[in-house]
Amino acid sequence: IMNNLPTIREIELLHRKYAKSEIAYKLVYTHSQIVAEISKQIIRNKNLNLDSNFIEVAALLHDIGAYTYISADGIFDTSKYICHGITGSKILKKEGFDEVFCRICARHTGVGITKENILDDNLPLPLNDYLAETIEEKLIMYSDKFHSKNPCFNSFLWYSNHIRKFGKNKVLRFKQFAKEFGIPNVKILAGRYSMPLNQ
């Protein structure tokens, strides 16, 4: 998509700038690395015509807004955490990143948030649709669902059950993404990172 991508070092420094502590940094940066790995695994498995370097950078940036809602001792502010995508988008804009990264940030939460969701659930978000539209946005959003920052991996079945409480249409959308991207092998990654896997 673009030629002048930031370096991994520049992205690490950006994370360090916003992390309140080493604990917070490790939670978010490790998660971001894992999302990058899952995305690249999907690109290989499905033979997608996508730029792996761009996807890696996008994955490493997608959760930069999470630091705003994580204390120095690694505690999440769950009441406002849903805002982390929008907050991240604003941070990236302020830091001079391309709009494509800002959009990926703003649209990766859950399997997408609609105006109806915001009204129905009284969410603390500006009234807009935050849905992944480009293939890059969809891939990062989908890959993100297979790992949680607490930290653990999630199986396809586990996440499907987890989002059922937000409505049947959310499960259908998640399954639609699975049809497009396949189901990544997170068992192998859970082993490599020595993290539990929600089955």
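The values are calculated or read from the model by the stated rules, or taken from the named source; none is laboratory data. Since the structure is predicted, the reported quantities are computational estimates derived from the model, not experimental observations. Please note: Cβ atoms are built from the backbone with ideal geometry, for glycine as well, and neighbour counts cover all protein chains shown. These area figures cover heavy atoms from the full protein model, side chains too; ligands, DNA and RNA do not enter into them. Shrake-Rupley method; radii C 1.70, N 1.55, O 1.52, S 1.80 Å.
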Among the listed pairs LYS145/LYS175; LYS17/LYS93; LYS145/LYS170; LYS46/LYS175, those beyond 20 Å (Cα-Cα)
none
Protection proxy ranking of 141-147, 34-40, 51-57, 177-183 - average other beta-carbon atoms within 10 Å, highest first:
141-147, 34-40, 51-57, 177-183
Taking 8 Å as the Cα distance limit and 6 or more residues as the minimum spacing, I'd like the relative contact order of the chain as a percentage.
19 percent
From the convex hull of the Cα coordinates of the stretch 77-191, what is the mean projected area in square nanometres?
7.7 nm²
Mean residue ellipticity at 222 nm from the helices of the chain, using -39,500 (n - 2.57) per DSSP H segment of n ≥ 4 over the full residue count, to the nearest 500 deg cm²/dmol?
-17000 deg cm²/dmol
Residue-ordered couplings for the stretch 81-98, obtained by feeding phi - 60° into the Karplus form 6.51 cos²θ - 1.76 cosθ + 1.60 and rounding to whole Hz (Gly and Pro as x), are 4, 4, 7, 5, x, 5, 4, x, 4, 5, 4, 5, 4, 4, 7, x, 7, 4
Hz values of 3J(HN,Hα) by residue in the stretch 147-156 - Karplus curve (6.51, -1.76, 1.60), Gly and Pro given as x
8, 10, 7, 7, x, 7, 9, 10, 6, 4
List, in the order given, every pair from LYS20/LYS168; LYS90/LYS149; LYS40/LYS187 whose Cα-Cα distance in the structure shown is over 27 Å.
LYS20/LYS168
Accessible area of the chain divided out per residue, in Å², using a probe of 1.4 angstrom:
50 Å²
Compute the orientation-averaged projected area for the stretch 114-181 from the convex hull of its Cα atoms and round it to one decimal in nm².
5.2 nm²
If the elastic network links every pair of Cα atoms under 10 Å, which of VAL171, VAL111, VAL28 fluctuates the most in the Gaussian network model of the chain?
VAL171
With the alpha-carbon atoms as the only input, what is the per residue convex hull volume for the chain in Å³?
114 Å³
Long-range amide H partners of HIS147 with built H, under 5 Å:
ASN154
Dipole of the chain, Cα-centred, from +1 at each Lys and Arg C-beta and -1 at each Asp and Glu C-beta, to the nearest 20 debye?
520 debye
Nonlocal amide H pairs with ALA19, under 5 Å, H built at 1.01 Å:
none
Apply the Karplus parameterisation 6.51 cos²θ - 1.76 cosθ + 1.60, with θ equal to phi minus 60°, to every residue of the stretch 185-191 and state each ³J(HN,Hα) to the nearest whole Hz, in sequence, with x for glycine and proline.
8, 8, 4, 5, 6, 4, x
What figure in square angstrom, to the nearest 10, would you give for the accessible area of ASP120 with a 1.4 Å probe?
120 Å²
